[in-house]
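Please treat every number below as a calculation from the coordinates, not as lab data. Keep in mind the model is a prediction, meaning the values are calculated, not measured. All Cβ positions, even for glycine, are placed from backbone atoms using ideal geometry, and neighbour counts span all protein chains on display.
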Amino acid sequence: MPELIQDFAGLFIIILGVLLFFVFTILARRGFRPTLRPLSGYDTMHMQVGQAIESGGRVHLSLGPNNIIDEKTGVTLAAMSILDIVAEESIIGDLSPVATTSDATALPVIGDTIRRTYKRKDVLDKYDTKAARLVAFDPYALAGSAMSIIADDDVRANVLVGSFGPEVALMAEAGLRNQIPQTIGSDQVDCQAAAYSMADHILIGEELFVAGAYLRQTPSDIGSLATQDVLRWIIVGLIAFNVVLQTMGLLS
């Protein structure tokens, strides 16, 4: 019986999530805009990219060790969303952004994300084929290589978004040494600890998955964010209801 209830609750949340997404997307197309809580990592992203371009430099964005075919796929897609926005804003500059990874499966997707952005804006001739780089196959080797890129490739803004561990401190140290603004986002606690002390702005947990709603604000992005918020409270309510039932002895 408990298993049946859990299966029903999971199915209910999935169906409700799909319905809410379509409803909120339609409302967003008609002007609906939820109040967004301040997130400095996104609030200053446009300014960081703009300052990097105006100073004649480029933005470095690292996706870390993430790939596109495991449990970290969601974090990878969130980083891709940020990369697309960074690439779009970098088009007006002379240098394309440089995106680094330590996973071979993510490399072609990263390169295609940047290329499609330049093609969409009809400036494909400015696309740099070296914008996407597989610099290592190990997180620590990636961090060491990224330190060199930050120091030698005219990087003026450092964005690190992925499932980073403590090795992120090496890349952040390179940013501090070169006195450039840094934004770090990760789903790993040990990375978040380093980010608190070394980054200008941080993104934690589910904050990684709302980049579109904060930076691009398309109807689908707004719909996705509103759906996440509603489902979060529903799940909290279901958990509390389950606790009450267990406390009363109605659910074993």
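The table that follows gives values for the structure above.
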{"item": "Span-like helix ranges in the chain, DSSP H, alpha carbon extent 27 angstrom or more, Kyte mean at least 0.0", "result": "2-29, 219-247"}
{"item": "Low-density loop cleavage sites - chymotrypsin sites (Phe, Trp or Tyr not before Pro) in the range 1-88, where at most 16 other Cβ are within 10 Å (DSSP)", "result": "32"}
{"item": "For the chain, calculated [θ]222 nm from helices alone, where every DSSP H run of n ≥ 4 adds -39500 (n - 2.57)", "result": "-18000 deg cm²/dmol"}
{"item": "Length-normalised contact order for the range 36-216 - Cα pairs under 8 Å, 6+ apart - percent", "result": "27 percent"}
{"item": "Whole-Hz couplings from phi, Karplus 6.51/-1.76/1.60, listed for the range 31-44; x for Gly and Pro", "result": "x, 5, 9, x, 6, 9, 6, x, 10, 4, x, 9, 4, 9"}
{"item": "Per-residue ³J(HN,Hα) for the range 121-133, Karplus 6.51 cos²θ - 1.76 cosθ + 1.60, θ = phi - 60°, Hz, x for Gly and Pro", "result": "8, 6, 10, 4, 5, 8, 5, 9, 5, 8, 5, 9, 9"}
{"item": "Radius ratio Rg over Rh of the range 127-188, counting only Cα atoms, Kirkwood formula for Rh", "result": "0.94"}
{"item": "Trypsin sites (Lys or Arg not before Pro) within the range 13-65: DSSP coil, no more than 11 neighbouring Cβ in 10 Å", "result": "30"}
{"item": "FRET E, pair residue 148, residue 229, Förster distance 51 Å, beta-carbon r, rounded to 0.05", "result": "0.80"}
{"item": "For the chain, built as a Gaussian network whose Cα springs stay under 10 Å, the top-fluctuating residue of 218, 183, 76", "result": "218"}
{"item": "Per-selection metrics, the chain (Cα): Rg and Dmax in Å", "result": "20.1, 68"}
{"item": "Cβ crowding within 10 Å averaged over residues, with 231-243, 195-207 ranked highest first", "result": "195-207, 231-243"}
{"item": "Rg to Rh, two decimals, where the range 129-252 supplies the alpha carbon set and Rh follows Kirkwood", "result": "1.15"}
